[in-house]
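The values are calculated or read from the model by the stated rules, or taken from the named source; none is laboratory data. Treat the numbers as computed from the prediction; the structure is a model and nothing was measured. Neighbour counts are summed over all protein chains in view; Cβ atoms, including those assigned to glycine, are modelled from backbone coordinates with ideal geometry. Accessible surface areas use protein heavy atoms only, side chains included; no ligands, DNA or RNA. Shrake-Rupley method; radii C 1.70, N 1.55, O 1.52, S 1.80 Å.
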Amino acid sequence: MVGEQVRRIRKSRGMTQERLADLSGLSFSYISDVERGTRNISLESLGRIIEALGTKPAQLFSEPNSSETLLSDTEDKLATLTLLLSDRSADEVDFIIKVAQEFMNTLDRKKT
């Protein structure tokens, strides 16, 4: 079950197994084995995966459609944005913020 949740969260963040391996400091084959459920995961490795995914431990042990998972949907999306922006320069992040602000302003104007 944990491996399936790792895969689901990783994919929801648009992350490859290779990227998760890089971020967690674990090997690609280890991540692959964990997701397939063919390897027992150590607590240390689990902690590294949780940190690399930017998730909470409870999400790995809850059902995908549980209320806790649904409540954390916004957190998942924010973590995905953080991961997408983490390798970008400050100027690129500033540009993306400005574009997002303009987009939100346009949406707000359409509502009125």
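Things to note:
- Per-residue 3J(HN,Hα) values for region 80-88, derived from phi via the Karplus relation 6.51 cos²θ - 1.76 cosθ + 1.60 with θ = phi - 60°, read 4, 4, 4, 5, 4, 8, 5, 9, 9 Hz in sequence order (x marks Gly and Pro).
- Label-to-label distance, nm, for residues given as GLU4 and ASP108 (7 Å Cα→Cβ offset): 4.3 nm
- Per-selection Rg to Rh, the chain - Cα, Kirkwood hydrodynamic radius: 1.07
- Across the options TYR30, SER12, ILE49, the greatest Cα extent toward the positive end of the charge dipole of region 1-52 (unit charges at beta carbon of Lys, Arg, Asp, Glu) belongs to SER12.
- Pairwise FRET efficiency - THR38 versus ASP94, Cβ, R0 = 35 Å, nearest 0.05: 0.20
- On the chain, 57 percent of the accessible area sits on carbon and sulfur atoms, based on a 1.4 Å probe.
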